[in-house]
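Below you'll find the structure, written out as structure tokens, and then a few comments.
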Amino acid sequence: MQRPYNFSAGPATIPSEVLSQAAAEMLNWPDATGRLCGMGVMEMSHRGKEFLSIYEKTEADLRELLNIPNQFKILFMQGGGLAENAIVPLNLSALRPNPETRGAADFVVTGSWSKKSLDEATKFCDARVAASDQINGFTRIPEPSTWNLREKASYVHLCTNETINGLEFHQLPDLKALGSAAELVIDFSSHVASRPVDWSRVGLAFGGAQKNLGPAGLTLVVVREDLLGHALPICPSAFDYQMVASNQSMYNTPPTYAIYIAGLVFQWLKRQGGVLAMEQQNIAKAKLLYDAIDQSSFYVNKVALDSRSRMNVPFFLRDESRNEAFLTGAKEAGLLQLKGHKSVGGMRASIYNAMPLEGVQTLVQYMREFERTLS
Ligand SMILES: *Cc1c(COP(=O)(O)O)cnc(C)c1O
């Protein structure tokens, strides 16, 4: 049975093979040798050998896929990207202690998510905008040489893929070359595992799993070891990175089932050829869709060419009175969840790793067809 293509921004489509395997293993999980253990994954103790084997393989596969160096810890947490907006300043704002003032952090505001991160961080530290493209309606990543970086800042926060506005950093800034000693913190929720990460430029990366890694409820944090142990005294223990790291993400019960599904997604990614192969596929998918938009006089995307996201493609019908008809026809054609975020309007196609090329081809065909029937 062919499932419809689901363009939801998150929770988002998961490879059918992963869901089928999870369904087959729901009641009785088989280990690597095929021996049934008598329990489903949801029913296992997180400290039992069965779940520990799932956990260890998941972590190792992720380290291999993302090429994460050994001096970085991989943490599986809860609370999503929004909780990390608080957890990061609670842990990192005092990296550079200043007895008179609160710790400082600089934010590059490129859309809704980095704006949210900034607003939350002001509760915990001296958070400031280093650069913003808000006056242009978030259509371009501000050039790093123009960023206003403060010497006292402990870290610089970027959202490297703005899920709502459809902007992506195609290169991470080299903060040292910009004269800053701050650590780089990236929110890579919506493009993690879609492309390689240059870890030499990153201190900490976080992301919710529900866009590109698996189900909601799991939050991935990758943090360089020397950044652990600087949490503010008010930081909850369950959110203290050092506490989480020293307990192998099991200070409290981790989201076991979400970790298991993410593990199946990692195995699927390895079968696809890994992150570099995914990146090529993602480039091809994004080009197909942006070309279709740019070559038409019916659809428009306002983001500068060099700042466009490969994962989330917002677009507008020039005649917005056709929006409802577009969405109804799309659903009939097996193309789901194309409505844009309410703060932006229009349409948005999220084309994460699990969206096959055929899904984008079908969407582009539908867009051309819809345009033709109306002109
Ligand atoms: C979805 C998303 C979040 C929020 O994740 P929650 O799990 O809802 O907290 C944060 N940042 C980015 C870039 C996102 O796409």
Which numbered condition Arg63 misses (of (1) at pLDDT below 95; (2) open to solvent by 50 Å² or more (accessible area, probe 1.4 Å); (3) within 17 Å of Phe206 (Cβ to Cβ)): (1)
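Each row is one residue, and each column tells you yes or no for (1) within 16 Å of the ligand (Cβ to nearest atom); (2) in the same structural domain as Phe188 (by TED's automatic domain parsing); (3) open to solvent by less than 50 Å² (accessible area, probe 1.4 Å).
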{"residue": "Ile68", "(1), (2), (3)": "no, yes, yes"}
{"residue": "Gly80", "(1), (2), (3)": "yes, yes, yes"}
{"residue": "Glu100", "(1), (2), (3)": "no, yes, no"}
{"residue": "Asp106", "(1), (2), (3)": "no, yes, yes"}
{"residue": "Thr122", "(1), (2), (3)": "no, yes, no"}
{"residue": "Asn148", "(1), (2), (3)": "no, yes, no"}
{"residue": "Glu162", "(1), (2), (3)": "yes, yes, yes"}
{"residue": "Leu167", "(1), (2), (3)": "yes, yes, yes"}
Residue within segment 232-246 that is of a type in the set (A, V, I, L, M), away from the ligand (no atom under 11 Å from the Cβ) and assigned to a loop (DSSP other than H, G, I, E, B) present: yes
Only one of Gly217, Gly229, Gly208 that is open to solvent by 10 Å² or more (accessible area, probe 1.4 Å), closer than 26 Å to Ser190 by Cβ and assigned by TED's automatic domain parsing to the domain that holds Pro173: Gly217
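The values are calculated or read from the model by the stated rules, or taken from the named source; none is laboratory data. Not measured: the values here are computed from a predicted model. Cβ atoms come from the backbone with ideal geometry, glycine included; neighbour counts cover every protein chain shown. These accessible areas exclude ligands, DNA and RNA; they are computed on the full protein's heavy atoms, side chains included. Shrake-Rupley method; radii C 1.70, N 1.55, O 1.52, S 1.80 Å.
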